[in-house]
1. Compare the peptides B:87-95, B:244-252 by average per-residue count of other Cβ atoms within 10 angstrom and give them in order, highest first.
2. Region A:276-310: which trypsin sites (Lys or Arg not before Pro) are DSSP loop and have at most 12 other beta-carbon atoms within 10 angstrom?
3. So what is the relative contact order of region A:400-468, in percent, for Cα pairs below 8 Å that sit 6 or more residues apart?
4. Taking the Cα-to-Cβ direction at A:Leu110 and at A:Met1 and moving 7 Å from each Cα, how far apart do the two end points lie in nm?
5. How many Cβ atoms of partner chains, on average, are near each residue of A:182-188 if near means within 10 Å of its Cβ?
6. Using 1/(1 + (r/R0)^6) with R0 = 60 angstrom and r between the beta carbons of B:Ala131 and B:Val1001, what's the FRET efficiency to the nearest 0.05?
7. Relative contact order of region B:246-333: what whole-number percent is it, with Cα pairs under 8 angstrom and at least 6 residues apart?
8. For region B:76-186, what is the convex hull volume of the alpha-carbon atoms per residue, in Å³?
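The values are calculated or read from the model by the stated rules, or taken from the named source; none is laboratory data. Since the model is a prediction, treat every value here as computed from it, not as a measurement. Virtual Cβ from ideal backbone geometry, glycine too; neighbours counted across all protein chains shown. When the accessible area is computed, the model is the full protein with side chains, heavy atoms only, and any ligands, DNA or RNA have been set aside. Shrake-Rupley method; radii C 1.70, N 1.55, O 1.52, S 1.80 Å.
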Amino acid sequence: MLWACVLLPHLALDGVLRRRPSSDEPLVLVTGSAQSRSILAANRPARAAGLRPGQRLAVAQALLSRFEAVEHDPATTERWHRLLAAWAYRYSAEVVLWPHAIVLEVSRSLGLFGPWPRFEALLRDDLSQLGFRHRIALAPTARAAYVLAGTHDGMAVMSPELLRGALSPIPVGKARLPDEAADNLAAMGLRTLGQLLHAPRDGLRRRFGEALIEHLDYLIGTAQEVLRYYRPPDRLELAMEWTHEIEQVEALVFPLRRLTGDLAACLAGRDGGVQRFMIRLVHRDGTSTDVSIGLLAPERDPTMLFEHTRSRMERTELPQPVIAMRLVAHELPPFVPAGRDLFDTRPANALPLGQLRERLRARLGDRAIQTLHATTDPRPEHAQSAARDDVVIGQPASLPRPTWLLDTPMPLRGLAPRIVAGPERLETGWWDGGDMRRDYYVVETAQGQRAWVFCAPGERGPWMLHGWFA
Amino acid sequence: MNAYAELHCLSNFSFQRGASSAMELFQRAKACGYSALAITDECSLAGIVRAYEASLETKLDLIVGAEFKLDDGLRFVLLCESREGYAALCGLITQGRRASAKGTYHLTRASLANGLPGTLALWLPDAEPDASDGHWLGERFAGRVWLAIELHRGPDDAARLRQLERLAADLGMPAVAAGDVHMHVRGRRALQDTLTAIRHGLTVAQAGVVLFKNGERHLRAREVLAEIYPVHLLEETARIAERCRFTMDQLHYRYPAELVPEGHSATSWLRQLTEEGIQRRWPDGISPENRETIEKELTLIGELEYEHYFLTVEDIVCFARRQNIFCQGRGSAANSVVCYALGVTSVSPDEATLLTERFMSASRKDHKYNRPEPPDIDIDFEHERREEVIQYIYRKYGRERTALAATVISYRGRSAARDVGKALGLSPDQVSALSSVFAWRNGGSLRHHLQEAGLDFDSPLLQRVLILAEELRGFPRHLSQHVGGFVISDAPLSQLVPVENAAMPDRTIIQWDKDDLDRMNLLKVDCLALGMLTCVRKCFDLMKQHENVSHTLASIPLNDNETYKMIQKADTIGVFQIESRAQMSMLPRLRPKNFYDLVIQVAIVRPGPIQGDMVHPYLRRRRKEEDVTYPSEALREVLERTLGVPLFQEQVMRIAMVAAGYTGQQADELRRAMAAWKRHGGMEKHRDRLFNGMKENNYSEAFAAQIFEQIKGFGSYGFPESHAAGFAKIAYASAWLKCRHPAAFACALLNSQPMGFYSASQIVQDAQRHHVQVLPVDVRHSDWDCTLERDVRDSTLAIRLGFRQVRGFNEQAAQRISQARERQAFLDIVDLCTRASLDRRHQDLLADTSALRGLAGHRHRAKWAVTGVEPQLPLFGRTSPDEQTIVLPPPSVAENLHADYARTGLSLGPHPVRLLRARLRADRYKDSRELSHQSHQTRVRTAGLVTQRQQPQTASGITFITLEDEHGNINVIVRRQLAERQRRPYLEARLMGVEGHWENVDGVSHLVAHRLLDMSDLLGQLDARSRDFH
């Protein structure tokens, strides 16, 4: 066996950078709670200015006045990792995901892509094009390749006899030993793998446990490591069971949200979508009711999947109570989406707004279309919005507000109206530059209509009309 | 026009609600022609003394009251009609505050059961009033409850007015107009909105529902009110105001009387204790001068009726002495001869005669005016044992009668910018960038600093943030506990001032701070914690144990020449007060040679004298380079002891009185203004008064300007002579100990950490430079504390480092080691780990610090050995199974150094710089010893570990960096331009190389940097953390 390890030392940062035009502006990934923000990774211009991983953001700001700080998102990084595994799958059926690395067995692929220097060049080429910095090493064991990739980029140890010699000079700190073993070993003066391999096994086992011994065995190949290989998913099946029976479709909504959410997560993990899937509702006697869902285009947005499924489910009659629910997706779109770049995350089927709205209305019903919401902004002009505020505090007091609020106030013409109530003084909105000071009145026009009008504070006209009461 | 009194008004002491200070409110109310103003902060009287002061200043009546909201939502205002009502209000606030966590309150209907006689109630009905609430209040406050009608240009005020008047009529309750005032003028609307958002933890844009819809909640002009309210509602306010006869000056405070035994009066008892003290202090008889002073002092104390205060202080000090807790009083009254006799202070009148007469003259002069300066005694206790004293005070007087004073925490530039920035929706990163601009700002334009932080000064959003933050600056933010000011009263305190919970469990604070206490003539005793007293006491204990000498603070020989020689050389690492770099650079110039010189030394290195440019004139006169002159013969008396240059706070006040014709009361105002002007401003008034007064008395304008500058410099750092004297006493004591008992002193200093200016590493190096041997941590010898060991060969004392030096070591574990070792010496590692029940973490710590060298050999072998220790079962004995031997290389010197610094922050091995010396020398870097022989203005190059970066506020933009090498410290001066040009080495270097020119004047030397070099790479992983003092 021969293992190639592709180490991705800057996975998170590269994942961010590859989506941007190349630039000499300093950029860092930031992580941590609001109180202790620190730098996770820094690009070259940022490092040149003294910014480095582990630094507190405040310190970085003291060093460099302008740089871009991007919030680190572990989920995104994880997705890039899995995508690169999918890429490696082209070259080998045995692909392993380790932290910051992808390890693949290459002895069987050498015939196809080899010899190794050519194969290695191929891998490097791909990765460079994808925009991921990398270090590659080859060794007879997966672990050795993993360790060597960290210390000797480009090293290839082709035969097991040479392995010990190649590993011996490596410092324990770089040998990817379990837990804190490396620190403790260094504190005992055991600094290299060579020293470690010569130390009495019993003594090491006593002090560091079986894990260290195993690690050494796997490294030099005296024991065979059992690896969990990466498998590209081609069919998804998710299930949920209950101890009680569910009789109402409504009661299935919550579990359904979970299931479709999980589906969306799986889909995101493989960077694909789903076009057809089935919800199987299992009854006590073993029979089941199937609801199949078909989409016009591959989808993976959790809300979208949930809404689609729910609207189909709501039209389903339950002949018997349900004790389990399964989601089965056979038809996953091509693993590598056709057409564009593998990593293009733009939605595949963008629709013009009008068309989309009509389609949504047709498929999901009227309720899926947004209506106006009352906001908490005290200014009448800002009192309505299509989207809900993210934070809603308390209920607005019930104030006399017109049913029909004009978008833009207009002068109220005609005879002086009769004042019914007021003035209601509004002085607010300074925080975004839209400060207003007005006295509002409810008035009755000569025609007997009730109107909402305003004028400058303390004045009685000229009147501006702002709305009509029903 | 109708009279109007505002009966419902919040000041900014309703935290994050009220948007104006009491003074602003009173000035506005006065301008509007109101007949009275009630301050009704929510369940609080924290701002009432300020309101009282504003009321006196504006000559507008204050009505004392508070606003409440019960747990079921019922809201009302209570106003004090009489002294009885005031006590009831304090009681209610105390009850609500004590029943809830710090900063909040909890009250139910049951709390109002007794109807709080002496108060008037205003019911604040909801939008949809519940008549039964009104009815319930009507029963509790029969004949003294009103329905408050508060109209703020809502959607339909007319309807609201009709509704409430009908309700009042139904209930048979009179109605009255009120304003629900949150700000003095409409212009505070934006700030009030911002405060509301801050209180709710929202941005202003999110807070729409909870914001007021308009700015009507201000003190409105009476014409405007007349448009809104019917006449009878306005007239009713004046009638209620008439009824509220209570004023704050009706409060009388009495000191606890129980310290006087039966058959004695306070006067006779104080006399007896003083006489007993005289016997102790002067067993051979007191000098006629001191006797005379004591008689004068006792008379004065009697006239001012301060006997109880002195007795209380004496009692606390007595307790401390019984418990062998070191303490020392300071302050003007503490430096009296009576206090020396009572044992409150150890500053003997024989060594500082000048001080004692001060207490007399100052107090007597003030006494002519109706408000004598309250006696001022601060008592410092050993910091590790102050809690015992506090508990004693609580026990003795009971929790009802004792509480800590409050400290009002106010918004400063930084916190204001942070809170406003958040409320206006800046991102967390922008907020922290903004607040760092405010934290680090030292001169330079704000625009420039903001741009550096990546913020756009000109953006409208940032402009709003800056304007509002400036408005908010100085506003009170919350109450905190004073560091140690106890208020003790004869009657329960809660009749005098509300008491609330502090953040610390079992601590209660009153709602007033020290300025409020001064104003209300409440006496407080400051029980403070002082690390150096702990150190001195520990040092005395060590000397008794190892050198068989007994000492107290008072028994230390005065005028010890060797000690003063040491001080003059600035060899003062670890000495109280005079160990800072600024102090050290002054010592060789001032060359203190007696106690009073030390008093001056302590006081002179302060922002006051420095900013007032008093230091150099004083030094010149002292060196006889300049004649001692006085601005006038009248000021000779005031300035004689400081060679005609004012250095102390008291002198500045006396100058104001003598030269500018201030009365005692005005001088006292000046003192408070001095402490507060940085926060509140308000010095302009004094500027004019001083200049005019001095002009009248024929003083030069230049002199007036100089005095005024100095007054500003004193700011919140004002340092009175009476405090300097107390500190100088401790400074001398610690200097004497360092000089005469260096091993015991360094050992005690290590055992009192953290305190002072220097790290354990610096203390140890200093001890070594004074030829004190320091021995490493060792399980065969060490205890938790550092100890002294007598060398069998030359019988000198050496310091054995204790386990406390090991980062992360647990005190109990250390004690288990000591106890196990006392029973029997340890056989081997397994024996040690078993008998002292050491867990894995402690085993590792011991191995890493080489504390196992006697049992297992070098560090690597120790580590191998401890990691092999398995949890032992008692049955199977205490041995490990035989193991195959392993050959481990011994650690190198650098590795040991690294491990030492990592675990203990200090190393007894060679200094890290020494390891690099050959290399540094090749590059022509000089060490600190070579530098000291350089002549003035030589260009040199040196390198050392950065142990301190200090940017004092008095030095505009200059940073003092201290470098340490194997021979000592090098003081480096970095100017702002250099710091900005070489930001990275300036901020980051741990090992710094510096090129510059050497300055050496009057025995004070430093290196003015031209170029900085980050040489940290040479250190590898060395863990010598810089102590940044900013």
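1. Per-residue mean Cβ counts within 10 Å order the peptides as B:87-95, B:244-252.
2. A:Arg284
3. 36 percent
4. That separation, rounded to one decimal, is 1.5 nm.
5. 6
6. Once the sixth-power term is evaluated, E becomes 0.10.
7. RCO, region B:246-333: 35 percent.
8. Each residue corresponds to 132 Å³ of Cα convex hull volume.
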